[in-house]
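The values are calculated or read from the model by the stated rules, or taken from the named source; none is laboratory data. Since the model is a prediction, treat every value here as computed from it, not as a measurement. Here Cβ is always computed from backbone atoms with ideal geometry, including for glycine, and neighbour counts include all displayed protein chains.
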Amino acid sequence: MNQHISGLYWATRVGGKRKKVHRIIAEKALGKPLPSGAQVHHVDEDKLNNSNSNLVICPNEEYHQLIHRRTKVYDLGGDPNKDKWCNYHNTVHSKGEFGKDKSRWDGLNKMCRTAQNEYQQERRAT
Ligand SMILES: [Zn+2]
Ligand SMILES: [Zn+2]
């Protein structure tokens, strides 16, 4: 396959069209075209590593983002089933430390309660 780096990915030309190589490999593994909306995730997060074991097909972008969030918790030493990444402290805490937020994908606020309090105090101070 004649491939070149396009942005963060390997790309190639198929019938005059540019295609991402990881999608071609995923389609080969699947034996059919990827369903619409399907995303291909790179397990080691190196988007140039297209070995078969590094690719996971996700049914949609939401599922794909879920894998990224879980990987982040895992990388920081947490348990993705019990812990959640806090975007304020850039670390993981147990899910119980997060307040509820119905508008979020998992029903929990993106920062822990302590962070919410600090954040509000900072806003009041300025
Ligand atoms: Zn990914
Ligand atoms: Zn926090």
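Matching residues to (1) more than 23 Å from Ser36 (Cα to Cα); (2) modelled with pLDDT under 95:
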residue	(1), (2)
Pro59	no, no
Gln65	no, yes
Val73	yes, no
Lys84	yes, no
Asn87	yes, yes
Asn90	yes, yes
Lys95	yes, no
Lys100	yes, no
Ser103	yes, yes
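Within region 89-116, residues that are among the β-branched types (Val, Ile, Thr) sit with their Cβ atoms under 6 Å from residues that are surrounded by 12 or more Cβ atoms within 10 Å (Cβ to Cβ), at 6+ positions apart or across chains, in these pairs: Val92/Val73; Val92/Leu76; Val92/Gly78; Val92/Asp83; Val92/Trp85. Residues of region 45-75 that are under 21 Å from Gly107 (Cβ atoms) and either among the small types (Gly, Ala, Ser) or within 16 Å of ligand 2 (Cβ to nearest atom) (or both): Arg69, Lys72, Val73.
Working only within region 69-108, note down all residues that are surrounded by 12 or more Cβ atoms within 10 Å (Cβ to Cβ) and either among the aromatic types (Phe, Trp, Tyr) or within 16 Å of ligand 1 (Cβ to nearest atom) (or both). Of everything in region 69-108, those that are surrounded by 12 or more Cβ atoms within 10 Å (Cβ to Cβ) and either among the aromatic types (Phe, Trp, Tyr) or within 16 Å of ligand 1 (Cβ to nearest atom) (or both) turn out to be Arg69, Arg70, Thr71, Lys72, Val73, Tyr74, Pro80, Trp85, Tyr88, Phe98.
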